[in-house]
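What follows is a short report on a single structure.
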Amino acid sequence: MQSNQPHKPNHKSCRGQAAGFVFGAAAVLTSVLAMTQTSFAAEVSLSGSGTFRPPSKDQVANLPAELPFSRADLVSGRWSFSARYDDAVADADPDPYVGRFAGAIRSFRLVIGATTIDLPVDKAEIVISDGGSGFPGRESVRLQGQAMTSAGLLRLGWIQVNQQPNGTELRGPAGSLSSDRLPSAALMANLPVASAFDRFVELRIEPPGGGRPLLYLSSSKLSVTAVPASQP
C-alpha cells in the first residue's frame with residue numbers, strides 16, 4: 001500500500017554528504033597548497049674559486065704536520081668551495097632581523113690545492129642578518145661550517161658584509177636584504193657591499209682547547225656563482 005505521508009528528507013544523510021564534500025574540498029586545497037609550496041622550494045648550488053696569499057716559507061715550516069692538507073697545497077695559493085642548500089628551510093632564530101638556517105646546507109666542500117675536504121652538514125649553517133644583532137647599519141650573509149681534524153677545529157666561511165655609515169638604517173626593505181629570510185641565489189653569491197674586501201672566504205684551524213689559530217687564510221679574490229641545483 002502506498003503511503004500518503006509526505007516525504008521527509010534524511011537530514012543525517014544530507015549532513016553526511018555536506019561533511020564529505022567539505023572534507024574533500026579541504027583535502028584538495030591542502031594538496032594544492034602543498035604543491036604550491038613545493039614548487040617554490042628549490043635546492044641551490046653555490047660555488048666559488050680563486051686564490052689566496054700563500055703563507056711564507058717560515059710560516060709553512062712552522063705549521064704542524066697534522067694539517068688536513070699538505071704544504072704543497074698551501075704554497076699553490078689556489079682554493080675553492082662549493083655548497084648545496086635548500087632555500088625552503090625555515091628560520092630558527094626568533095630575532096626578527098636575524099635568520100638562522102641550521103638545516104639548510106646539504107653539502108659543503110673545500111678544496112685547497114689538490115686536497116678535498118667535505119665538512120659535516122650537521123655542523124654547517126647559513127646566517128642572514130638584516131641589520132639585526134644590534135647592528136642597524138650592517139647586514140650580512142654568512143655560509144659557515146666546521147670540521148674536527150687531527151690538527152684542531154677547522155672553520156670555513158663565505159662571508160659578505162654590507163657595512164654602511166652609522167645612522168644608516170638597513171633593517172627591512174631599506175637595504176639590499178628585504179628581511180632575514182634566505183635571499184635570492186644572486187644575493188647569496190653577490191651581496192652588494194661598499195668594498196670588495198667585505199666579500200671574502202675565511203679559513204682558520206684552531207688548536208684543541210682554543211687559542212691563537214694554527215692557520216688563518218682569507219681572500220676576497222673569489223669568483224662566486226649560485227644556480228638552481230637542477231641546472232647542469
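General remarks:
- The packing ranking of peptides 124-131, 77-84, 168-175, highest mean first, is 124-131, 77-84, 168-175, where packing means the average number of other beta carbon atoms within 10 angstrom of each residue.
- Positive-end ranking of 168, 52, 99 along the dipole of the range 50-203, with charges on Cβ about the Cα centre, is headed by 52.
- Gain on full stretching of the segment that runs from residue 194 to residue 115 - 0.36 nm per residue minus C-alpha separation: 25.1 nm
- Remark: the range 178-228 is approximated by an ellipsoid whose semi-axes, taken from the C-alpha gyration tensor as √(5λ), come to 28, 14, 11 Å, largest first.
- Size of the range 71-151 as Cα extents on the principal axes (Å, biggest first): 45, 26, 23
- The slack in the chain from residue 70 to residue 174, taken as 0.36 nm per residue of separation less the alpha-carbon distance, amounts to 32.9 nm.
- Centroid-to-centroid separation of the range 91-119 and the range 50-64 [C-alpha atoms, Å]: 26 Å
- Contour excess over end-to-end distance, with Cα ends at residue 58 and residue 90 and 0.36 nm allotted per residue: 6.9 nm
- Modelled label reach - residue 149, point 7 Å along Cα→Cβ, the range 99-129 residues with backbone N closer than 14 Å: 109-120
None of the figures in this text is laboratory data; all of them are computed from the coordinates on show. Bear in mind the structure is a predicted one, so any value in this text is a computation, not a measurement. Virtual Cβ from ideal backbone geometry, glycine too; neighbours counted across all protein chains shown.
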